[in-house]
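Participant: Sharing a structure, written as structure tokens. Questions coming.
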Amino acid sequence: MAERITVKSQSQLEKMRVAGRLVGETLNFVETLIRPGISTYELDREAEAFIRKHGGVPSFLGYNGFPASLCTSINEQVVHGIPSKKVKLREGDIISVDCGAIVDGWHGDAARTFLVGEVAPEVKQLVEVTRECFFKGAEQAVEGNHLIDIARAVEQHAKAYGYGVIREMVGHGIGTHMHEPPEVPNYVDPRMGKGVKLIEGMTLAVEPMISLGTWKLVFAPDGWTASTADGSAAAHYENTLIVGKNSSELLTLV
Ligand code: MG
Ligand code: MG
């Protein structure tokens, strides 16, 4: 973890654009593989090969001991699901795929929730609204705003649907480390004040994690997989972005 918030130079941002594009392309590639019957292990193998073929290194592999290149979290699993040969997608599932890559020392980080075949309408809406929550947050990632503006925008949109906003996991700064300060929460906590003031050239991973029910999490015995405490479905949508003067630039959406 880097110790302070950094504002990146133009040449550094150029490197982050390259890493971000590779992450976005990897997720687009993974999306083409999503179908009933495929295992999360196969998705992971394909994604890692794709990242390496295009000159990247998977960020997640070995991170605090994480054993894979993707996090694959199905239905009530929110984040950090571990790919497995035993876990095969079924019609009606949703799967959140989180991916990170390093190119030339710089990181990109992004996540999508994909539908497997026909998904129940209320779950489909959760997935769509979680994506919208990201864009509401990203609109606020402009110079002069504060972190709370991102948090409020995400939370208000989710709350309008009665959804739960996950609190224990948050977005983050990103650069030469996958996780840099500041933390980027998706909810307003009065104790945190306004949060830091945003400056052009800061790079953030904004990542709403939203559930149909509770915001509370439970952790699996594997020490990684975080699921909703009430078993309700959850979705995750993330992009790495650059804070700009008037708008943010999304690096991982291609
Ligand atoms: Mg991520
Ligand atoms: Mg992230």
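The values are calculated or read from the model by the stated rules, or taken from the named source; none is laboratory data. Small disclaimer: the values here were computed from a predicted structure and weren't measured. So basically every Cβ, Gly included, is an ideal-geometry build from the backbone, and we count neighbours across all protein chains shown. To get the accessible areas, we keep the full protein, side chains included, count just its heavy atoms, and leave off ligands, DNA and RNA. Shrake-Rupley method; radii C 1.70, N 1.55, O 1.52, S 1.80 Å.
Participant: Quick one: in region 109-153, of everything that is assigned to a helix (DSSP H, G or I) and β-branched (Val, Ile, Thr), which residue is nearest to residue 31 (Cα to Cα)?
Facilitator: The residue in question is 127.
Participant: OK, next. Scan region 187-198 and tell me whether some residue there is surrounded by 15 or more Cβ atoms within 10 Å (Cβ to Cβ) and within 17 Å of the chain's Cα centre (by Cα).
Facilitator: Yes, region 187-198 contains at least one residue that is surrounded by 15 or more Cβ atoms within 10 Å (Cβ to Cβ) and within 17 Å of the chain's Cα centre (by Cα).
Participant: Same structure, new question: Hey, any hits in region 166-183 for a residue that's part of a loop (DSSP other than H, G, I, E, B), without any contact (Cβ under 8 Å) to a residue 40 or more places away in the chain and in contact with a Lys or Arg (Cβ under 8 Å, 6 or more places away or on another chain)? Let's see the steps before the verdict.
Facilitator: In the first step, residues of region 166-183 are kept if they are part of a loop (DSSP other than H, G, I, E, B); the result is 166-170, 174-179.
Keeping just the survivors that are without any contact (Cβ under 8 Å) to a residue 40 or more places away in the chain gives 170.
Subset that is in contact with a Lys or Arg (Cβ under 8 Å, 6 or more places away or on another chain): none.
No; the residues of region 166-183 include none that is part of a loop (DSSP other than H, G, I, E, B), without any contact (Cβ under 8 Å) to a residue 40 or more places away in the chain and in contact with a Lys or Arg (Cβ under 8 Å, 6 or more places away or on another chain).
Participant: Only residues that are under 19 Å from the mean Cα position of the chain (by Cα) and aliphatic (A, V, I, L, M): list them for region 11-26, please.
Facilitator: Here is the first cut: in region 11-26, the ones under 19 Å from the mean Cα position of the chain (by Cα) are 16-26.
Selection gives 16, 18, 19, 22, 23.
Participant: How about region 34-69: which of its residues are in contact with a helix residue (DSSP H, G or I) (Cβ under 8 Å, 6 or more places away or on another chain) and either small (Gly, Ala, Ser) or closer than 25 Å to residue 213 by Cα (or both)?
Facilitator: Scanning region 34-69 gives 47, 55, 56, 68, 69.
Participant: Let me confirm something: among 148, 210, which residue is farther than 25 Å from residue 17 by Cα, touching a helix residue (DSSP H, G or I) at 6+ places or on another chain (Cβ under 8 Å) and within 16 Å of ligand 2 (Cβ to nearest atom)? Outline the logic, then answer.
Facilitator: Working: 148 fails: within 16 Å of ligand 2 (Cβ to nearest atom).
Among 148, 210, only 210 is farther than 25 Å from residue 17 by Cα, touching a helix residue (DSSP H, G or I) at 6+ places or on another chain (Cβ under 8 Å) and within 16 Å of ligand 2 (Cβ to nearest atom).
Participant: When the residues of region 19-77 are filtered to those that are among the hydrophobic types (A, V, I, L, M, F, W, C) and in a loop (DSSP other than H, G, I, E, B), which remaining residue is nearest to residue 249 (Cα to Cα)?
Facilitator: First, the residues of region 19-77 that are among the hydrophobic types (A, V, I, L, M, F, W, C): 19, 22-23, 27, 29-30, 33-34, 38, 43, 47, 49-51, 57, 60-61, 66, 68, 70-71, 74.
Then drop every residue that is not in a loop (DSSP other than H, G, I, E, B), which leaves 34, 38, 60-61, 66, 68.
Numbers: 34: 28, 38: 34, 60: 23, 61: 27, 66: 29, 68: 28 Å.
So the residue we want is 60.
Participant: Something else now. Taking region 110-148 only, how many residues are among the acidic types (Asp, Glu) and touching a Phe, Trp or Tyr at 6+ places or on another chain (Cβ under 9 Å)? Don't jump to the end; show me each part of the working.
Facilitator: Initially, region 110-148 is screened for residues among the acidic types (Asp, Glu), giving 118, 122, 128, 132, 139, 143.
From the residues that got through so far, the ones that are touching a Phe, Trp or Tyr at 6+ places or on another chain (Cβ under 9 Å) too are 132.
Of the residues in region 110-148, 1 are among the acidic types (Asp, Glu) and touching a Phe, Trp or Tyr at 6+ places or on another chain (Cβ under 9 Å).
Participant: Which number in (1) assigned to a strand (DSSP E or B); (2) open to solvent by 10 Å² or more (accessible area, probe 1.4 Å); (3) out of contact with any Pro (no Cβ under 9 Å at 6 or more places or on another chain) marks the one condition that residue 97 misses?
Facilitator: Among (1) assigned to a strand (DSSP E or B); (2) open to solvent by 10 Å² or more (accessible area, probe 1.4 Å); (3) out of contact with any Pro (no Cβ under 9 Å at 6 or more places or on another chain), residue 97 violates only (2).
Participant: In the set 225, 203, which member is closer than 20 Å to residue 100 by Cα, open to solvent by less than 20 Å² (accessible area, probe 1.4 Å) and within 15 Å of ligand 2 (Cβ to nearest atom)?
Facilitator: Numbers: 225 fails: within 15 Å of ligand 2 (Cβ to nearest atom).
Only one candidate passes the filter, namely 203.
Participant: If you don't mind, there's one more thing I want to ask. Might you check whether a residue that is over 14 Å from residue 133 (Cβ atoms), away from ligand 2 (no atom under 13 Å from the Cβ) and at pLDDT 95 or above occurs anywhere in region 155-165? Before the answer, list the steps.
Facilitator: Narrowing region 155-165 to residues over 14 Å from residue 133 (Cβ atoms): none.
No, that holds for no residue.
Participant: What pairs can you find where one residue is in region 203-215 and part of a strand (DSSP E or B), the other is more than 15 Å from ligand 1 (Cβ to nearest atom) and of a type in the set (S, T, N, Q), and their Cβ atoms are less than 7 Å apart, with a gap of 6+ or different chains?
Facilitator: Final answer for the pair search is 211/228; 211/232.
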